[in-house]
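Data block below; observations after.
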Amino acid sequence: MKEKLNLAEVYLKLDMPDKVEEALQGVSEYNVGAKFYRAYAVYLKDNLDKALNMLHSIEKIYPQKKKLFYLLGEIYKEKGDYKNDAEYFEKSCNNSAI
């Protein structure tokens, strides 16, 4: 499973969101890491509201808070919601858990 998550992350870095679901095939939709990568892929496909919902559903339990908060900040920035944008970028800067 770790290899599938790593492959999904590589596809995201290569801006290939369509390959993420293929890489995560067989990984439970309840796996928090897979859910983050799926949400990231949805974000890259410009479905901002769906990505926000997915990310907020794992906000309290996702271990890599810095990545999560940064992505939430990016989405809010794209939506023009600068209050939430600033809040999540600040959380990203202040959170030392990677």
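None of the figures in this text is laboratory data; all of them are computed from the coordinates on show. Remember, it's a predicted structure, so these values are computed and weren't measured experimentally. Neighbour counts run over all protein chains shown; Cβ positions are idealised from the backbone, glycine included.
Brief remarks on what is shown
- Considering the conditions (1) under 15 Å from the mean Cα position of the chain (by Cα); (2) surrounded by fewer than 18 Cβ atoms within 10 Å (Cβ to Cβ), L71 is excluded by exactly one of them, (2).
- Some residue of region 55-71 being polar (S, T, N, Q) and over 24 Å from N94 (Cα atoms): no
- Entirely in region 20-91, the helices (runs of 4 or more DSSP H) that have 1 or more residues that are more than 22 Å from V10 (Cα to Cα) and not hydrophobic (A, V, I, L, M, F, W, C): 48-58, 65-79
- Restricting region 1-43 to residues that are of a type in the set (S, T, N, Q) and more than 19 Å from H56 (Cα to Cα), the residue that is surrounded by the most Cβ atoms within 10 Å (Cβ to Cβ): N6
- For K66, the test of being surrounded by fewer than 21 Cβ atoms within 10 Å (Cβ to Cβ), closer than 24 Å to E87 by Cβ and in contact with a Ser or Thr (Cβ under 8 Å, 6 or more places away or on another chain) is passed.
- The condition (being touching a residue at least 12 places away in the same chain (Cβ under 8 Å), closer than 26 Å to D81 by Cα and among the acidic types (D, E)) is satisfied by just one residue among E9, E59: E59.
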